[in-house]
Amino acid sequence: MASNPPGFYQQLQALSLPAQQAFMAALCERLLPNYMLYEQTTGHGDSHTLRTVLSLVWERLNVPNASIDFARQAEKLATCEPPEEDDSFGARRALDTVMSISALLDTLQGESPEAVLDVSRTSRAGVRAFIELTEGEEDAQALALIIRDHPLMADENDFQDAVLEAVKEPLDKAALKEIRQLGRNGGISNLGLTLDETAE
């Protein structure tokens with residue numbers, strides 16, 4: 001894949017746990033519009049709970065000794081998954097969002113060394129799936145080239161690179177605020193979607 005050397009994942013794993021958590025939280029912020037669009041179009045889901053859980057994660061990052069019951073939050077999160085029988089593209093991306101926030105919560109409750117890689121890969125895989133869906137290219141080699149050179153994939157790689165660089169800095173309140181803003185990405189998801197398009 002473009003500009004995604006193995007060194008990227010090694011750098012992710014080398015980060016301190018709070019830096020990994022800030023990285024994951026930023027990626028989760030950027031996945032949220034996909035979930036909200038799914039909720040808006042199907043009536044399934046609870047983006048309010050997802051947003052609340054994410055806000056608690058940022059609070060813990062800002063105040064490391066904040067007393068937050070993340071096991072309880074994980075239970076709430078589990079109820080936000082799309083219905084199992086819904087195998088639509090939107091449901092799968094909504095599930096990506098829930099699973100990514102869930103992986104982030106795992107790191108707040110104990111050992112979960114792979115979580116940061118899982119969230120990074122999940123976000124990229126969603127972009128790849130979206131390009132496959134929209135390009136309609138049958139030939140695997142041609143599709144691989146399209147994905148590699150696609151503006152959305154370039155944007156995804158650039159975004160993850162930017163977040164990685166940001167979380168390497170000392171994570172004071174100002175830095176965390178900037179990382180959260182970076183994650184929110186002006187309300188545009190990793191698939192280039194925004195709620196505003198469907199709200200008209």
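For region 126-144, enumerate the residues that are loosely packed, with under 12 Cβ neighbours inside 10 Å and in a helix (DSSP H, G or I).
Of all residues in region 126-144, those loosely packed, with under 12 Cβ neighbours inside 10 Å come to 133, 136, 138-142.
Once the filter is applied, which keeps residues that are loosely packed, with under 12 Cβ neighbours inside 10 Å and in a helix (DSSP H, G or I), region 126-144 yields Leu133, Ala140, Gln141, Ala142.
Six or more apart or on different chains, Cβ atoms under 7 Å: show the pairs whose first residue is in region 167-186 and under 18 Å from Arg30 (Cβ atoms) and whose second is among the basic types (Lys, Arg) and surrounded by 14 or more Cβ atoms within 10 Å (Cβ to Cβ).
Short answer, once both residue conditions are applied: Gly183/Arg30; Asn185/Arg30.
Sort through Leu27, Leu12, Leu37, Leu54 and tell me the only one that's more than 20 Å from Ile188 (Cβ to Cβ), in a helix (DSSP H, G or I) and touching a residue at least 24 places away in the same chain (Cβ under 8 Å). Explain how you work it out, then say what you get.
Details: Leu27 fails: more than 20 Å from Ile188 (Cβ to Cβ); Leu37 fails: more than 20 Å from Ile188 (Cβ to Cβ); Leu54 fails: more than 20 Å from Ile188 (Cβ to Cβ).
When all the criteria are applied, what remains is Leu12.
Within region 175-183, does at least one residue satisfy the condition of being assigned to a loop (DSSP other than H, G, I, E, B) and in contact with a helix residue (DSSP H, G or I) (Cβ under 6 Å, 6 or more places away or on another chain)?
Narrowing region 175-183 to residues assigned to a loop (DSSP other than H, G, I, E, B): none.
Scanning region 175-183 turns up no residue that is assigned to a loop (DSSP other than H, G, I, E, B) and in contact with a helix residue (DSSP H, G or I) (Cβ under 6 Å, 6 or more places away or on another chain).
Tally time: how many residues in region 57-100 are surrounded by 11 or more Cβ atoms within 10 Å (Cβ to Cβ), of a type in the set (Val, Ile, Thr) and in a loop (DSSP other than H, G, I, E, B)?
2
Among the residues of region 146-158, are any touching a Phe, Trp or Tyr at 6+ places or on another chain (Cβ under 9 Å), assigned to a helix (DSSP H, G or I) and more than 28 Å from Pro83 (Cβ to Cβ)?
Yes.
In the set Glu156, Glu165, which member is of a type outside the set (Lys, Arg) and in contact with a Lys or Arg (Cβ under 8 Å, 6 or more places away or on another chain)? Outline the logic, then answer.
Numbers: Glu165 fails: in contact with a Lys or Arg (Cβ under 8 Å, 6 or more places away or on another chain).
That would be Glu156, the only listed residue that is of a type outside the set (Lys, Arg) and in contact with a Lys or Arg (Cβ under 8 Å, 6 or more places away or on another chain).
Name the single residue, out of those in region 25-53 being more than 12 Å from Thr97 (Cβ to Cβ) and not β-branched (Val, Ile, Thr), that is surrounded by the most Cβ atoms within 10 Å (Cβ to Cβ).
Step one: filter region 25-53 for residues more than 12 Å from Thr97 (Cβ to Cβ), giving 25-26, 40-44, 48, 52.
With the extra rule that they be not β-branched (Val, Ile, Thr), the set shrinks to 25-26, 40, 43-44, 48.
Numbers: Ala25: 25, Ala26: 27, Gln40: 15, Gly43: 7, His44: 15, His48: 11.
Filtering region 25-53 for residues that are more than 12 Å from Thr97 (Cβ to Cβ) and not β-branched (Val, Ile, Thr), the one surrounded by the most Cβ atoms within 10 Å (Cβ to Cβ) comes out as Ala26.
Please verify whether Leu32 is out of contact with any strand residue (DSSP E or B) (no Cβ under 6 Å at 6 or more places or on another chain), more than 14 Å from Gln160 (Cβ to Cβ) and modelled with pLDDT of 95 or more, treating the condition exactly as stated.
Numbers: out of contact with any strand residue (DSSP E or B) (no Cβ under 6 Å at 6 or more places or on another chain): yes; more than 14 Å from Gln160 (Cβ to Cβ): yes; modelled with pLDDT of 95 or more: yes.
Considered against the rule, which asks whether it is out of contact with any strand residue (DSSP E or B) (no Cβ under 6 Å at 6 or more places or on another chain), more than 14 Å from Gln160 (Cβ to Cβ) and modelled with pLDDT of 95 or more, Leu32 comes out as yes.
The values are calculated or read from the model by the stated rules, or taken from the named source; none is laboratory data. Keep in mind that what you see is a predicted model, and the values were worked out from it rather than measured. Virtual Cβ from ideal backbone geometry, glycine too; neighbours counted across all protein chains shown.
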